[in-house]
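Take a look at the structure set out below.
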Amino acid sequence: VNVLLINLFTALATGGAVVAGHSLGEGSKERACEAAEQLLLFVSLASIGIMLVLLAGRSWILTHVFGRIEADVMADARLYLLITAFSIPFIAVYNAGAAIFRAMSDSRTSMLVSLIMNGVNIAGNALLIYGLHMGVEGAAIPTLVSRMLAAAIILVLIRNQELDIHLRKGEKLGIQKKVIRKICFIGIPNGLENSLFQLGKILVLSLVTSFGTKALAANAV
């Protein structure tokens, strides 16, 4: 479920990057900056909405999508989904920011922030799972913290006014429907393509869960 949502926001981020890149190629840095601002605003609002839906319906999702899961596995799944749901807006913002840097032909910055995010996640997993024996919380909390950190870093970096595409200081943000439509026109078909593949994996997983915890673990491996 987490990967499905990440694919969706990555696709929207790609749509925003394409719109910003087109404007930049046409020599209009102002329109490129506007597209970047609209992308970040749109994915922030959309991801918060999805987060709230996920938090409210996590038990229904786990029960109806994955079906028969042993009680201890279900309890862990609910806890993991509860904690990681709060990270959805942060990974959405990071993906949008990373896509904007790539639109400026700067993939190095995105890579470095990604390395920091994943490094914090792995180190946190090692500390909380093996050091403090926290179990599923030890897997989920570093995911949340690392995504918060990545979003904060990417937002600070993209406020650099010397960049070709940046968040303009003192600019009042409001939904620009025309720009959002352009982003969705590119991002939604791309997102559906990636999401259909992930939906297939979820359907397979829902079948595997009917064979018990051992089969579920074996499938994950």
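Some notes on this structure:
- Most positive-pole-ward Cα, Leu167, Leu79, Ala217, against dipole of the chain from beta carbon charges: Leu167
- In degrees, nearest ten, helix 71-85 long axis to first principal axis of the chain (Cα): 10
- Distance between segment 141-219 and segment 40-107 - C-alpha centres, whole angstrom: 8
- Counting only Cβ charges, +1 for Lys and Arg and -1 for Asp and Glu, the dipole size of the chain around its Cα centre is about 360 debye.
- Rounded to whole Å, the principal axis extents of the Cα atoms in the chain read 58, 37, 27, largest first.
- Kirkwood-based shape ratio for segment 147-198, expressed as Rg/Rh from alpha carbons: 1.09
- With R₀ set to 35 Å, the beta-carbon distance separating Ser59 from Met111 gives a calculated FRET efficiency near 0.40.
- Geometric extent, Cα atoms of segment 129-221 - Rg, Dmax (angstrom): 20.7, 57
- For segment 25-147: rounded, prolate or oblate by the Cα gyration tensor [a/c cutoff 1.5]: oblate
- Selection of GluC sites (Glu not before Pro), segment 34-106, meeting DSSP coil and at most 15 other Cβ within 10 Å: Glu70
- Cross-link partners for Lys214 among the lysines, with Cα-Cα distance under 25 Å and sequence neighbours closer than 8 places in the same chain left out: Lys201.
Any read-out appearing in this document is the output of simple, stated calculations on the displayed coordinates, not a laboratory observation. None of the values given here were measured: they were computed from a predicted structure. Positions of Cβ are backbone-derived with ideal geometry, glycine not excepted, and every protein chain shown enters the neighbour counts.
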